[in-house]
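Here's the structure we're looking at; comments come further down.
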Amino acid sequence: MKLKLTTKLLKLSMLCTVAISASVVTPSALSVFPGVNLATVQAAEQQKTTRVPALREKVYSQLARAQKLADDGDSKAGLDALDSIQARSSSMNSYEIAMMHNFYGFIYYNENDLVKAIASFEKVIAEDGIPETLRLSTTFSLAQLAMANSDYKKVIAFLDKWDAINTKPKTDAYYLLRAQTYYQLKDYAQGLSYITQAINLSDSEGKVPKENWLVLQRAMYYSLNQTDKVVSVLERMVKLYNKPEYWVQLAGMYGETGQEKQQLSVLEAAYQQGFLTSKSDLRQLAQVYLYNQLAYKAANVMSKAIEQGIAEPTAKNYAFVAEAMVQAKEDAKSISYFTKAAERSEHGKYDQRLAEVYVNTEQYDEAADAARMALDKGGLDFESNAFVALGMAQYNLQNFDASILAFEQAEKHKKSQRLAQQWIKYVKREKVHAQTLKTALL
């Protein structure tokens with residue numbers, strides 16, 4: 001009885017993912033299924049279109065024994081069995097030799113020795129007497145193995161060989177592998193054309209494109225600085241997969257392309273769905289609220305993030321909430337946040353802002369204390385503002401001399417010189433008026 005081996009002993013599948021923050025596509029899984037059995041051998045007989053030498057039963061049984069040893073976990077014994085077969089290869093035909101190298105390749109692959117696996121499978125396709133379907137499938141598998149081995153130029157070479165012998169319509173796996181390879185070679189324009197073909201093929205068949213295809217397409221559009229296209233891909237990803245990171249990325253791209261209203265809408269929708277959970281995401285939302293003059297919402301988002309332990313209770317974060325409250329004309333509510341910011345800071349900048357808010361809310365004793373604290377701590381960007389706040393607080397407390405002294409200090413700064421001079425004149429007049437009134441009452 002003469003037996004002939006299957007035309008498709010090796011099948012490889014590759015899943016790839018793209019991390020946009022690093023912009024890398026890497027193989028995450030490969031699986032090999034040798035599929036050697038009498039049923040597939042007989043099926044292969046029906047598929048062959050060119051005449052090939054027969055695989056004799058004796059050789060087949062020896063190859064099957066080597067495979068079983070490897071499948072049972074004894075790869076060394078499997079390789080030893082193949083070495084024994086190879087020692088008698090002078091009596092074997094080209095088809096049998098090809099199958100022997102195929103088994104070598106399978107064992108080396110399972111041992112994660114990709115270099116030897118590739119070398120073995122190259123010997124398979126170097127033989128003339130094999131079915132064209134086996135040559136085709138092995139050549140494509142070689143391209144996938146080269147990808148797994150990060151040998152991108154070899155991937156292209158194997159795919160070119162595959163193109164030369166393939167007569168059937170190309171599949172999405174082909175386009176994806178081409179796209180991934182050109183991405184790694186930083187030939188983004190070429191890679192983009194192939195991943196787009198894979199996606200278009202899926203669309204034409206009424207299927208949903210695989211998520212990692214769109215991730216790859218997005219990454220290449222971004223690398224080519226085609227930001228409008230990145231937005232379009234992300235809009236589709238949001239609709240198809242509804243993942244938090246895609247909502248955040250879409251909002252970021254809306255901001256990058258100057259579409260602030262859309263950015264706000266997307267971030268709000270993501271927030272309502274509970275997708276914004278990191279401190280960076282929530283801070284981005286708060287900043288977008290502030291930019292769009294929704295200061296009270298900005299303050300609420302950041303204050304809740306601090307209360308929930310998502311954002312750290314730092315001086316900077318408390319000051320953000322406080323300034324947002326001031327912009328929202330909620331000066332009284334800003335005080336507790338400025339106070340916490342000041343307590344956590346060695347410089348006096350937040351004490352100065354606190355003094356100004358106390359003046360606005362007519363809490364003059366507190367304003368004077370905060371202004372003095374700001375000046376004591378130092379590190380102020382505009383020291384004159386602290387003196388102005390102190391002068392106004394002292395005036396309202398009717399401490400006219402102290403007020404004049406504070407404004408005289410402010411007068412020394414060019415930024416506040418004119419304002420200070422006006423206040424000095426005004427306070428002096430009020431001091432005279434107060435003294436006149438007091439004398440008259442006596």
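The values are calculated or read from the model by the stated rules, or taken from the named source; none is laboratory data. Every value quoted in this text rests on a predicted model; they were computed, and no experiment measured them. Please note: Cβ atoms are built from the backbone with ideal geometry, for glycine as well, and neighbour counts cover all protein chains shown. Areas reflect the complete protein model, heavy atoms only, side chains present, ligands, DNA and RNA absent. Shrake-Rupley method; radii C 1.70, N 1.55, O 1.52, S 1.80 Å.
Is region 281-299 home to any residue that is open to solvent by 30 Å² or more (accessible area, probe 1.4 Å), in a loop (DSSP other than H, G, I, E, B) and within 30 Å of Ala332 (Cα to Cα)? Looking through region 281-299, at least one residue is open to solvent by 30 Å² or more (accessible area, probe 1.4 Å), in a loop (DSSP other than H, G, I, E, B) and within 30 Å of Ala332 (Cα to Cα). Which of the residues that make up region 67-105 are over 26 Å from Val52 (Cα atoms) and not in a helix (DSSP H, G or I)? Matches in region 67-105: Asp72, Gly73, Asp74. Residues in region 78-92 that are surrounded by 16 or more Cβ atoms within 10 Å (Cβ to Cβ) and either hydrophobic (A, V, I, L, M, F, W, C) or more than 46 Å from the chain's Cα centre (by Cα) (or both): Leu79, Ala81, Leu82, Ile85, Met92. If I filter region 124-143 down to residues being assigned to a loop (DSSP other than H, G, I, E, B) and free of Cβ contacts under 8 Å to residues at least 60 places away in the same chain, which single residue comes out as farthest from the chain's Cα centre (by Cα)? This residue is Asp128. Taking region 409-424 as the range and being closer than 13 Å to Asn385 by Cβ and either touching a residue at least 40 places away in the same chain (Cβ under 8 Å) or open to solvent by less than 50 Å² (accessible area, probe 1.4 Å) (or both) as the test, the residues that pass are Ala410, Ser416, Ala420.
I'd like to check something: does region 221-240 contain any residue that is within 17 Å of the chain's Cα centre (by Cα), buried (at least 21 other Cβ atoms within 10 Å of the Cβ) and either touching a residue at least 40 places away in the same chain (Cβ under 8 Å) or not in a helix (DSSP H, G or I) (or both)? No: zero hits. Tell me yes or no: at least one residue of region 104-123 is among the hydrophobic types (A, V, I, L, M, F, W, C), crowded, with 23+ Cβ neighbours inside 10 Å, within 23 Å of Asp71 (Cβ to Cβ) and over 40 Å from the mean Cα position of the chain (by Cα). Checking region 104-123: not a single residue is among the hydrophobic types (A, V, I, L, M, F, W, C), crowded, with 23+ Cβ neighbours inside 10 Å, within 23 Å of Asp71 (Cβ to Cβ) and over 40 Å from the mean Cα position of the chain (by Cα). For first residues located in region 144-168 and assigned to a helix (DSSP H, G or I), partners that are open to solvent by 50 Å² or more (accessible area, probe 1.4 Å) and lie 6+ apart or on another chain with Cβ distances below 7 Å form the pairs Ala146/Lys154; Tyr152/Leu185; Ile165/Glu132. The C-beta contact set for region 304-332 (first residue under 18 Å from Glu346 (Cβ atoms), second residue surrounded by fewer than 19 Cβ atoms within 10 Å (Cβ to Cβ), distance under 6 angstrom, 6+ apart or interchain) comprises Ala315/Arg344; Ala315/Ser345. Applying the selection to region 320-340, what residues are closer than 15 Å to Ala370 by Cα and either among the basic types (Lys, Arg) or under 31 Å from the mean Cα position of the chain (by Cα) (or both)? The answer is Lys340, and nothing else. From the list Tyr108, Tyr60, the one residue that fits, being under 24 Å from Leu136 (Cβ atoms), among the hydroxyl-bearing types (Ser, Thr, Tyr), part of a helix (DSSP H, G or I) and at pLDDT below 90, is Tyr60.
Screening region 250-270 for residues that are among the small types (Gly, Ala, Ser) and either part of a loop (DSSP other than H, G, I, E, B) or in contact with a Pro (Cβ under 8 Å, 6 or more places away or on another chain) (or both) and picking the one that is least open to solvent (accessible area, probe 1.4 Å) gives Ala270. Being surrounded by fewer than 16 Cβ atoms within 10 Å (Cβ to Cβ) and more than 25 Å from Asn242 (Cα to Cα) is a property that holds for Leu185.
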